[in-house]
Amino acid sequence: MGDELEELYRTTYATVVRFLYRKVWDADRAHDLEREVFIRAMAHRPEKPRAWLFAVAANLARDEARAAVRRKRHLTLLKDDPVTLPTAPIPADQAVEDDERRARVDEALATLTKRDREVLLLWDAGLSYPEIAAQTGLAVGAVGTTLARARKRLVDAYDRVEQERRAAHS
């Protein structure tokens with residue numbers, strides 16, 4: 001199998017790098033991901049290696065894109081964080097509204113299962129799917145589905161909390 005992997009590497013290396021580059025638009029990152037693809041191929045020894053390589057490359061590129069979005073969002077949040085940067089005072093009514101919204105989010109989170117809360121909070125903290133899987137015991141492939149369902153349940157729970165709040169104020 002070693003010779004087969006060498007041949008696979010020799011014949012697909014450039015194509016895999018080009019594929020990854022077109023996904024992440026960063027040559028250095030494409031090479032890093034390519035190394036990960038071939039390391040995984042050595043560990044897994046897939047039956048249909050060429051198709052498997054590109055499936056893994058697509059998954060890694062997707063995870064990379066998600067991580068980049070999270071990093072950008074977290075940087076934006078940090079930039080706007082009043083603790084990290086001095087800003088103009090927040091009007092009292094805005095501060096009260098923000099506190100109330102945070103309380104409703106906390107209330108909605110409290111209605112979720114422990115697993116849903118954990119997956120959402122780990123993802124929000126910037127962990128990758130493999131890291132979330134390691135923390136929660138889920139299969140890496142199940143993280144995305146679990147996360148999507150947890151988000152939907154959080155939105156539904158938040159909507160219920162909002163409806164209850166409106167009903168109480170009516």
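Key figures
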| item | result |
| --- | --- |
| The stretch 120-170, residues that are touching a residue at least 24 places away in the same chain (Cβ under 8 Å) and acidic (Asp, Glu) | 162 |
| Matching residues, the stretch 1-48, being among the acidic types (Asp, Glu) and surrounded by fewer than 17 Cβ atoms within 10 Å (Cβ to Cβ) | 3, 4, 6, 7, 26, 28, 32, 36, 47 |
| Residue in the stretch 121-133 that is farthest from residue 59 (Cα to Cα), counting only those that are at pLDDT below 85 and in a helix (DSSP H, G or I) | 121 |
| Scan of the stretch 107-122 for residues that are under 21 Å from residue 67 (Cα atoms) and aliphatic (A, V, I, L, M), ordered by number | 119, 120, 121, 122 |
| Residue count for the stretch 2-55, restricted to those that are of a type in the set (Val, Ile, Thr) and within 18 Å of residue 66 (Cα to Cα) | 2 |
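Residue-by-condition table, conditions (1) farther than 20 Å from residue 131 by Cβ; (2) of a type outside the set (Asp, Glu); (3) in the same structural domain as residue 129 (by TED's automatic domain parsing):
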| position | (1), (2), (3) |
| --- | --- |
| 11 | yes, yes, no |
| 19 | yes, yes, no |
| 26 | yes, no, no |
| 38 | yes, yes, no |
| 44 | no, yes, no |
| 48 | yes, yes, no |
| 57 | no, yes, no |
| 60 | no, yes, no |
| 64 | no, no, no |
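The values are calculated or read from the model by the stated rules, or taken from the named source; none is laboratory data. Since we're looking at a predicted model, the values are computed, not measured. Positions of Cβ are generated from backbone atoms using ideal geometry, with glycine treated the same way; all protein chains shown enter the neighbour counts.
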